[in-house]
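The values are calculated or read from the model by the stated rules, or taken from the named source; none is laboratory data. Small disclaimer: the values here were computed from a predicted structure and weren't measured. Note: ideal-geometry Cβ built from the backbone for every residue, glycine included; neighbour counts use all protein chains shown. Only protein heavy atoms, including side chains, enter the accessible area calculation; ligands, DNA and RNA are left aside. Shrake-Rupley method; radii C 1.70, N 1.55, O 1.52, S 1.80 Å.
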Amino acid sequence: MDFLKLIQSLDELLYEIMSWLIFYPVTLWRTLTKPLTMMTYSEAELGDPAERQYTDTLSPPLFLLLTVALTHATELSLVGQDELVIDRTGLSAFVSDDSSLILARVAFFSIFPLIMAARMVRARHVKLDRVPLKPPFYSQCYVTAPFAMMTSGASILMRMGSIEWEVAGLALLVFALLWFGALQILWFAHHLRTGYWRAAGHASRAMVEALVLFTAVSLLFR
């Protein structure tokens with residue numbers, strides 16, 4: 001009986017992994033073309049029973065994880081291993097292989113949805129706990145994935161070894177920050193039902209807090 005349960009679990013796992021080949025591109029395309037719609041969709045899906053959530057897309061945290069993993073694979077093929085894996089000083093000693101590096105990067109980029117979600121909860125004057133924090137965190141994971149892809153892509157370009165690639169990488173980084181920042185303003189304005197200037201204040205504050213925390217944590221690994 002235990003063997004049959006194991007086979008059944010492997011069947012389900014194989015199906016789930018292979019389905020990513022379809023639903024990852026679908027999720028990426030929808031997030032790039034209609035990011036705000038996907039953020040609203042994410043929160044709405046959490047209201048469904050667990051077995052009916054995200055049936056036609058990937059869940060936001062999984063989407064972020066796969067995006068970071070694919071970006072890392074691209075990095076390996078184009079510029080080689082990151083210095084964080086090679087280095088053994090400070091907290092980088094805990095990052096000993098590609099798997100731990102991917103998990104570390106997912107944790108780093110998850111800072112952005114966490115801070116944005118916390119700012120939204122505070123702006124709504126709601127007690128900050130796990131229940132009201134989860135929906136905005138999940139919705140933020142959707143747009144953080146392309147942001148992570150673009151910023152990581154910018155890093156790859158700037159390591160290509162020529163001034164042209166460095167300029168292209170810098171341009172992509174600026175675009176990523178502007179794209180992500182503009183979405184935050186629109187997101188705060190929509191959910192708080194406020195003007196764009198007030199929404200920009202919330203978005204800017206959260207963005208600065210996230211960037212400071214992201215930089216501080218990153219420096220601990222260098």
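Rounded to 0.05, the FRET efficiency of the ARG198 and VAL79 pair, given R0 = 41 Å and the Cβ-Cβ distance, is 0.45. Segment LEU213..TRP165, full-extension length gain: 14.5 nm, with 0.36 nm per residue of separation and the alpha-carbon distance subtracted.
The phi-based Karplus calculation (6.51 cos²θ - 1.76 cosθ + 1.60; θ = phi - 60°) puts the 3J(HN,Hα) values of region 186-198 at 5, 5, 5, 4, 5, 6, 8, 6, 10, x, 5, 5, 5 Hz, whole numbers, x for Gly and Pro. By accessible area, using a 1.4 Å probe on protein heavy atoms only, region 40-84 has 56% of its surface on carbon and sulfur. Report the one residue of THR74, LEU211, ALA104 whose Cα lies farthest in the direction of the positive end of the charge dipole of the chain (charges on C-beta: Lys and Arg +1, Asp and Glu -1; origin at the Cα centre). It is LEU211, whose Cα lies furthest towards the positive end. Only Lys, Arg, Asp and Glu carry charge here, each on its Cβ (+1 for the first two, -1 for the last two); on that basis the chain has a dipole of about 1140 debye about its Cα centre.
Comparing ILE115, CYS141, PHE175 along the charge dipole axis of the chain, the residue lying farthest to the positive side is ILE115, per the Cβ-charge model.
Assign one of three labels to the chain, namely rounded, prolate or oblate, based on the Cα gyration tensor with a ≥ b ≥ c the square roots of its eigenvalues; rounded applies when a/c is under 1.5, prolate when it is not and a/b is larger than b/c, and oblate otherwise.
Judged from the Cα gyration tensor, the chain comes out oblate (a/c at least 1.5, b/c at or above a/b).
The stretch between ARG30 and LEU14 holds 3.3 nm of extra length on full extension. This uses 0.36 nm per residue minus the Cα-Cα distance.
Over the chain, Cα pairs under 8 Å with separation of 6+ residues give a relative contact order of 24 percent.
Once you order the gyration tensor axes a ≥ b ≥ c over the Cα atoms, which shape class does region 95-196 get: rounded for a/c under 1.5, otherwise prolate or oblate by comparing a/b with b/c? In terms of gyration-tensor shape, oblate.
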